[in-house]
Each structure stands twice: as structure tokens, then as C-alpha cells.
Amino acid sequence: MAASLDGFIARKDGSVDWLETADEFADGETMDPGFVEAFLKSIDCYVMGSRTYETALSFEGKGFGWAYGDKPVFVLTSRHLPRTRDTVGFHAGDLGQFVNERLRPAFRSIWFVGGGRLCGDCLRLGLADEVRYSVLPVLIGEGIRFFEQLDQDVALHLLEVKGYQSGTVALRYEVRKEMKRLGQAPEPVAPGDRGPTGDSAKSADEIPASIPKGHQS
């Protein structure tokens, strides 16, 4: 998932205009289109909160296109939202049960897009295997955090670090197996409150750069 250096994935109002921030890092890598294409093909389905879904629809409405191709997209919400394509489905209920009993038997690579509450829930429930974190060269001061209300320590193992010419730094972590927890579920919360843009079983992430350009996340 793309985040500011101070750990926010969106402003308080859900806007992500700062995602267009870029720098110049001469020694950085360039984003290989072939890598991006292969990476996106490896994802079997996406899971996101309602505000993340609304952000994706707004990008599409502005002419950036639909970032998730023809892959199944599951939106966690109890609200009535527009369904603009057959690949989108809606779910309201227990997240752990939904992932373990419905998604895992059908999909190998499950990508939790966001938002912050969903990312936090994934880690609390032991659903995430990896966390991908793309840090943009900007501080926004306040907003919606990458992991909302994460109430426990989660140990990670650093797998990869890449610095890009745009100034973005991409981090890939493995969730250490001894720290994965399948214990108590978090206090109930309306699925529609799960957040604007974030996480993956492959956990939360994004390929560095911006959601409009085909996301990551």
C-alpha cells in the first residue's frame, strides 16, 4: 500500500491527492512494466473496504480506468453501493470467517487493498502473510493511518527494499509465523467503516506509485 512517510494512506476526508508527489532519485530503479504486469497477474482476487471502493470508482470516473482488471473484487460493507461490473461483490459479516471459509479455498493470492481498519483487522486476525509498504516522499501531518487501531505488536521479517527514481521506497515484509494470531476478533464495527485505500493474504500493499496507474497497495 502506498503511504506518506509519516504513515498515512489518506487525508482525514479520504482524499489521496498527495499520491502524485514525486521526487528525483538518480540512483533509484525504474518501474519495469513487465514486472508490474506479471505481479498483477499473480493476484487472484482483491478485498477492500467501502471507502477504498468509492475511491477506486472516483478514479475511474476521472478517466484513470478500473485498477483491478477483470479479477474478482470483494467489498466489505453494509451500505448499499453501486455495482458497476459483474466482478464486484459485497460482503457484510465476520472477516476471518469470510477469508478462511470462502476465499482461501477458492483463491491462492488474496490481496487486501485497504483501508486502514481492514489492514489492522487482517493483522489482528492472523490473515496476512506479507505486508508491502510503498513510502512516498511526502509528509501530510494527519489523516487515516496505514494500520488503524492496531492494538498488539506484530513482528515482521524484512524481505526486500527497493528505492525508485520517483523517490518512492518499496518495503516488503513477511509476517513472522510465530506472531500470527488467530485469537479474539476485534470489537464489532460496521464494515463500511473499514477505511479508504489498503493490505494482502498476501497482505496489504501496492506496487509503488499511484492507484490510478494500475495500482500497486
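What follows is calculated from the coordinates using simple rules that are stated; it is not laboratory data. Since we're looking at a predicted model, the values are computed, not measured. Heads up, the Cβs are rebuilt from the backbone with ideal geometry, glycines too, and the neighbour counts pull from every protein chain shown.
Rounded, prolate or oblate: which fits region 79-169 when a ≥ b ≥ c are the square roots of the eigenvalues of the alpha-carbon gyration tensor, with rounded for a/c under 1.5 and prolate only if a/b beats b/c? Taking the square roots of the gyration eigenvalues as a ≥ b ≥ c, region 79-169 is prolate. The label-point distance for Asp129 and Phe39, in a model that sets each label 7 Å from Cα toward Cβ, rounds to 1.7 nm.
Distance between the 7 Å Cα→Cβ label points at Ala155 and Asp32: 3.3 nm. Taking the number of Cβ atoms within 10 Å of each Cβ as an exposure proxy, the fewest-first ranking of His91, His157, His80 is His80, His157, His91.
Neighbour counts of other C-beta atoms within 10 Å: give me Phe8, Phe35 arranged from fewest to most.
On the way: Phe8 21, Phe35 11.
Ranked by crowding around the Cβ, least crowded first: Phe35, Phe8.
Between Gln97 and Gln165, the modelled label-to-label distance comes to 5.1 nm, taking each label 7 Å out from Cα in the direction of the beta carbon. In region 39-171, if the dipole is taken from +1 on Lys/Arg beta carbons and -1 on Asp/Glu beta carbons about the Cα centre, which of Ser134, Thr52, Gly63 is farthest to the positive end? Farthest along the dipole direction, towards plus: Gly63.
Just want the ordering: Cys122, Cys45, from fewest to most Cβ atoms lying within 10 Å of their own Cβ. Write down the numbers at each step before the final one.
On the way: Cys122 27, Cys45 19.
With the fewest neighbours first, Cys122, Cys45 line up as Cys45, Cys122.
Region 95-150 and region 1-53 have Cα centres lying 14 Å from one another.
Shape of region 48-88 from the C-alpha gyration tensor: oblate (a/c of 1.5 or more and a/b not above b/c, with a ≥ b ≥ c the square roots of its eigenvalues).
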